[in-house]
Amino acid sequence: MGPEGPEDFEQLAIKRLNEGRVKEGLKLMLRAAKGYEDEGKTSDAARLYKYLGYVLLKNTGAIGKARPSLLKSAYLYLDLIDEEISRPEVDIDALDEYCFNVLEIFATLEERETLVKYAEEFAAIYEDLGNSYQENADIEMAIRAYESAYRYYLLVENIEGYRRIAEILITLYGQIAEARLEKNDPRGAAEAFYRLAYFILAIFGYDLHFMEMMDTAAKNFEKASKVAYSNGDLDGTTSCLVKAQYAYLLAKNFNRAKLIGLNTARMLYQVVTSYRSRGEEEKAALKLVELTETLMGIGKINEAMETYRSALESRSDLMFRVRVRLAALKRHAALKGSKEVMDRIEAIEYYLNRRNYTKALELAENAMASDELIEILEKIHETEGVY
């Protein structure tokens, strides 16, 4: 029995590519992509044309060879975007994926003008979506849409656009923070204040306004840690304390950040020991990453790397890699008072929060490639076994 449908051709194509039979694999992949297209499975077709383009690019090093497949993929993703935004209820996750793929393809093809054109269009789509959600009092979804609009305006350096959206987001996050404080939810309020601070940064830079808001976030994370502790939740306590430590750090309240870091480190050693004694290695690994973050926040880089190595022995995870780099970047941003580094951190956290760990890691690697951070990055690479 030979292959019958595009699914069969796709599986066979991957098998041939893995066997090193590239030419045969690519022919089968193209056949699978065309098959998906004929069946109206546009998302699968777009995915395979993109994959085909990147395999060609990797094997030939020539953008020209990959261009037809990548363009085909981009235009199929644009069809999917049109289809998605015409639905009564838009799937934001799907829309995010389609838009991201289009921009990634035009960035790969080095077509800056086209990339700017579509980024502007996507920003406008998300801004309209945000307005609609806001009119329907769906603040959480409005924020998600506006944050995507902000990201695309920022990408094309549309200052008027991203400042306008930043002002809207400051208002919305302020409403959420107040509502959560009224509900006696300090952790929820702290998260809102933390995000609000980033959009204050976009307008005012790394100044007193930003630092005061980060300080407010830190105090609420600290308050949330006390609530968790009173409920016997050491896991929640330590998670809130690590966030408090970094919020204080970004607020340039270095003494408070260090004090919290030292206390949290002691507590985390106990939590890790407790999880390991029960054989809960996955949970122990997560707490070891928190301990790594805590130690990095107080400048104990070598100890942090030992802890990080221990975490990776239990579980290797892209999310861990992103978080460790973020910890280094946040400390660096705080010490320098740098808006530029904070803008990079905001972009990394945007993709981290949307679980796009590959993109978040790529941005984090690029952000750490400066002379001032290269030594720490090399230590991270060594710990991860990358030479």
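Condition first: crowded, with 20+ Cβ neighbours inside 10 Å and either free of Cβ contacts under 8 Å to residues at least 24 places away in the same chain or out of contact with any helix residue (DSSP H, G or I) (no Cβ under 6 Å at 6 or more places or on another chain) (or both). Now tell me which residues in segment 229-252 satisfy that. Lay out the reasoning, then the answer.
We begin by selecting, within segment 229-252, every residue crowded, with 20+ Cβ neighbours inside 10 Å; these are 237-251.
Answer for segment 229-252, where residues must be crowded, with 20+ Cβ neighbours inside 10 Å and either free of Cβ contacts under 8 Å to residues at least 24 places away in the same chain or out of contact with any helix residue (DSSP H, G or I) (no Cβ under 6 Å at 6 or more places or on another chain) (or both): just SER239.
Could you please find all residues in segment 266-297 being open to solvent by 40 Å² or more (accessible area, probe 1.4 Å) and either touching a residue at least 60 places away in the same chain (Cβ under 8 Å) or assigned to a helix (DSSP H, G or I) (or both)?
Within segment 266-297, ARG266, MET267, TYR269, GLN270, THR273, SER274, ARG276, SER277, GLU281, GLU282, LYS283, LEU286 meet the criteria.
Output the number of residues of segment 251-265 satisfying the condition of being more than 15 Å from THR294 (Cβ to Cβ) and assigned to a helix (DSSP H, G or I).
1
Quick check, is ARG163 open to solvent by 10 Å² or more (accessible area, probe 1.4 Å), touching a residue at least 24 places away in the same chain (Cβ under 8 Å), of a type outside the set (Asp, Glu) and closer than 30 Å to ASP215 by Cβ?
Considered against the rule, which asks whether it is open to solvent by 10 Å² or more (accessible area, probe 1.4 Å), touching a residue at least 24 places away in the same chain (Cβ under 8 Å), of a type outside the set (Asp, Glu) and closer than 30 Å to ASP215 by Cβ, ARG163 comes out as yes.
Do the conditions hold for ARG31, that is, is it in contact with a Phe, Trp or Tyr (Cβ under 6 Å, 6 or more places away or on another chain), more than 28 Å from TYR153 (Cβ to Cβ) and of a type in the set (D, E, K, R)? Show your work before the answer.
On the way: in contact with a Phe, Trp or Tyr (Cβ under 6 Å, 6 or more places away or on another chain): yes; more than 28 Å from TYR153 (Cβ to Cβ): yes; of a type in the set (D, E, K, R): yes.
Taking the combined requirement at face value, the residue satisfies it.
Residue-by-condition table, conditions (1) more than 30 Å from LYS226 (Cβ to Cβ); (2) within 22 Å of the chain's Cα centre (by Cα):
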site: GLU127; (1), (2): yes, yes
site: MET141; (1), (2): yes, yes
site: SER148; (1), (2): yes, yes
site: TYR152; (1), (2): yes, yes
site: GLU160; (1), (2): yes, no
site: LEU169; (1), (2): no, yes
site: ALA190; (1), (2): no, yes
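Is there any pair with a first residue in segment 181-194 that is in contact (Cβ under 8 Å) with a residue 40 or more places away in the chain and closer than 19 Å to THR238 by Cα and a second that is among the acidic types (Asp, Glu) and part of a helix (DSSP H, G or I) whose Cβ atoms are under 9 Å apart and which are 6 or more apart or on different chains, and what are they?
What qualifies is PRO186/GLU222; ALA190/GLU222.
How many of the residues in segment 104-120 are in contact (Cβ under 8 Å) with a residue 12 or more places away in the chain and open to solvent by 60 Å² or more (accessible area, probe 1.4 Å)? Show your work before the answer.
Initial filter on segment 104-120 (in contact (Cβ under 8 Å) with a residue 12 or more places away in the chain): 105-106, 108-110, 115-116, 118-120.
After this cut, where a residue has to be open to solvent by 60 Å² or more (accessible area, probe 1.4 Å) as well, the list is 110, 120.
Going through segment 104-120 one residue at a time, the tally reaches 2.
Could you tell me whether VAL102 is out of contact with any Lys or Arg (no Cβ under 6 Å at 6 or more places or on another chain), modelled with pLDDT under 95 and among the hydrophobic types (A, V, I, L, M, F, W, C)?
No.
Exactly one of these conditions fails for ASN101: (1) more than 26 Å from LEU352 (Cβ to Cβ); (2) assigned to a helix (DSSP H, G or I). Give me its number.
Of (1) more than 26 Å from LEU352 (Cβ to Cβ); (2) assigned to a helix (DSSP H, G or I), only one is false for ASN101: (1).
Filter segment 121-144 down to residues that are assigned to a helix (DSSP H, G or I) and among the charged types (D, E, K, R) and give me whichever is least open to solvent (accessible area, probe 1.4 Å).
Only one residue fits best here, namely GLU127.
Could you say which residue among LEU48, LEU52, LEU76, LEU80 is surrounded by fewer than 23 Cβ atoms within 10 Å (Cβ to Cβ), assigned to a helix (DSSP H, G or I) and hydrophobic (A, V, I, L, M, F, W, C)? Write out each step before concluding.
Numbers: LEU48 fails: surrounded by fewer than 23 Cβ atoms within 10 Å (Cβ to Cβ); LEU52 fails: surrounded by fewer than 23 Cβ atoms within 10 Å (Cβ to Cβ); LEU76 fails: surrounded by fewer than 23 Cβ atoms within 10 Å (Cβ to Cβ).
One residue alone meets the criteria, LEU80.
State whether the residues of segment 181-189 include one that is open to solvent by 20 Å² or more (accessible area, probe 1.4 Å), more than 23 Å from GLN245 (Cβ to Cβ) and part of a helix (DSSP H, G or I).
yes
For segment 62-70, state whether one or more residues are open to solvent by less than 70 Å² (accessible area, probe 1.4 Å), assigned to a loop (DSSP other than H, G, I, E, B) and free of Cβ contacts under 8 Å to residues at least 60 places away in the same chain.
yes
Among (1) at pLDDT below 95; (2) touching a Phe, Trp or Tyr at 6+ places or on another chain (Cβ under 6 Å); (3) of a type in the set (S, T, N, Q), there is one condition SER73 misses while meeting the rest; what is its number?
Tallying (1) at pLDDT below 95; (2) touching a Phe, Trp or Tyr at 6+ places or on another chain (Cβ under 6 Å); (3) of a type in the set (S, T, N, Q), SER73 fails exactly one: (1).
The values are calculated or read from the model by the stated rules, or taken from the named source; none is laboratory data. For clarity, every value in this text was computed on a predicted model and none was experimentally measured. Glycine also receives a Cβ, built like all others from the backbone with ideal geometry; neighbour counts cover every protein chain displayed. The accessibility values were calculated without ligands, DNA or RNA, using every heavy atom of the protein model including side chains. Shrake-Rupley method; radii C 1.70, N 1.55, O 1.52, S 1.80 Å.
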